[in-house]
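Structure first, then comments.
The values are calculated or read from the model by the stated rules, or taken from the named source; none is laboratory data. Computed from a prediction, not measured in an experiment: that's the story for all the values here. Every residue, glycine as well, gets a Cβ built from its backbone with ideal geometry; the counts of neighbours run over all protein chains shown. SASA here: full protein model, heavy atoms, side chains in, ligands and nucleic acids out. Shrake-Rupley method; radii C 1.70, N 1.55, O 1.52, S 1.80 Å.
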Amino acid sequence: MTLDKTTVEHELQKPVADISIIKLVDEFIAYAYLARASDIHIDPSEDRVKLRLRIDGVMHETFIIPKAIHDEVVSRIKVLAEMRMDEHQAAQDGRFRVTIPEGKESVKFDIRVSIAPTYYGENAVLRLLVEQGRNFTLEDVGFSKNDYEKIKKAIKKPYGMILVTGPTGSGKTTTLYTILKTLHTPDVSIITIEDPIEYSLEGVNQIQVNNQTSLSFANGLRSILRQDPNIIMVGEIRDQETANIAVNAALTGHLLLSTIHTNDAATTLPRLFDMKVEPFLIASTVNIAVAQRLVRKICPDCKAKKKFSKEECAALRAELPETVTFDETEFYIGEGCKTCNQTGYLGRVGIYEIMEITDRIRTAITTRASAPEIKKIALEEGMTTVLEDGVRKAVQGVTTLEEVFRVMRE
């Protein structure tokens, strides 16, 4: 199959009575897969329904569906996801598996569905849990040589915590899964507790949080510790109870990986203070803190050089902190082509800030130092900020300066 809108548009151009809802839903899911979309949004308004795709983290309005078939489209999705058909005033979650022909082969993947009532009817968001491109290794997720060495050193330790931070959709789960794949050998036991399980990892025991049965992150983590694991992944540390159990697990000889919601690497440590974890415990358990964002990569098929004037360079430098500099006046852009659907970008790569917990930082933690104080020490010891890593990748022609600024402003 090739990326082609015409099959979906042909179905939508038929008289409403002749549209095959089953075929339409199958075709726009197939189109979304081929367009490398991570999510399909079906958003109703007063007189029409927008179908939007999130591709490389950016929303694109792709199709307009007649309002007259909106309920039937949502009903078809509910049937697939085994949701209640008679419920229209409550949010529902479900999941289903699809098979899409691709050449002589076919690809199978799960779709996670969330449906919620809105003013103009039910909307639906479909998350495509596609494992294409998920076979990342630590070498190709975008770490610089220095950061790669820090990660390798941290994951070789038999115990302690590896914390990954960043906003929603910044690739934290992919980073953790990549580390787990690297660590997965026949002589270790790996158990995860996640909400939800994004992708299936072969040979790893993955547990799904279930609040209806009181299987929270904290309760699940307690159970995991009785299962004799070497390595544990907790989807997110979001409360005091989970934080304390996680720290104790890391103290008692387990390597624990998790995510935490903060703006940068240095803030992860004061965030644990806020969760009432003792500073001496944080200092002795956290091995490394990783902050990250995802930027779109320039499409290789339409990559072209762009020379900036002195004035443009001065304006760009003015937007950067004093610590982040560049000497170049020539960068790369994507001009837009058929391969990238005229966007100039194809795929995404991480930009990172990796803070090793050194002796100086441990001392700062025990004195309850603030995030800016911890960050100052880390920078003195050679840490590269997310913004610096982004500018470096723009200089290398991996992404554009505009893209780095867009992501950092978000």
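Structure notes:
- Matching option when the condition is over 18 Å from Gly390 (Cα atoms), touching a residue at least 12 places away in the same chain (Cβ under 8 Å) and not acidic (Asp, Glu), among Gly169, Gly121: Gly121
- From the options Asn248, Asn244, residue that is over 25 Å from Lys153 (Cβ atoms) and either open to solvent by 40 Å² or more (accessible area, probe 1.4 Å) or part of a helix (DSSP H, G or I) (or both): Asn244
- Contact map, region 32-49: first residue touching a residue at least 12 places away in the same chain (Cβ under 8 Å), second residue among the aromatic types (Phe, Trp, Tyr) and buried (at least 21 other Cβ atoms within 10 Å of the Cβ), Cβ cut-off under 8 Å, separation 6 or more or different chains; pairs are Ile40/Phe28.
- Filter result (in contact with a helix residue (DSSP H, G or I) (Cβ under 7 Å, 6 or more places away or on another chain), at pLDDT below 95 and not in a helix (DSSP H, G or I)) within region 160-193: Gly166
- Subset of region 33-72 that is touching a His at 6+ places or on another chain (Cβ under 6 Å) and aliphatic (A, V, I, L, M) - its residue that is farthest from Met85 (Cα to Cα): Leu53
- Listed by position, the strands (runs of 3 or more DSSP E) contained in region 53-149 that have at least 3 residues being exposed (fewer than 15 other Cβ atoms within 10 Å of the Cβ) are 58-66, 92-102, 105-118.
- Criterion violated by Leu215 - all others in (1) open to solvent by less than 50 Å² (accessible area, probe 1.4 Å); (2) under 25 Å from Asp359 (Cα atoms) satisfied: (2)
- Taking every residue in region 380-404 that is under 17 Å from Lys307 (Cα atoms) and of a type in the set (Lys, Arg) and pairing it with any residue that is part of a helix (DSSP H, G or I) and open to solvent by less than 10 Å² (accessible area, probe 1.4 Å), at least 6 positions away or on another chain, the pairs with Cβ-Cβ distances below 8 Å are Lys393/Val404.
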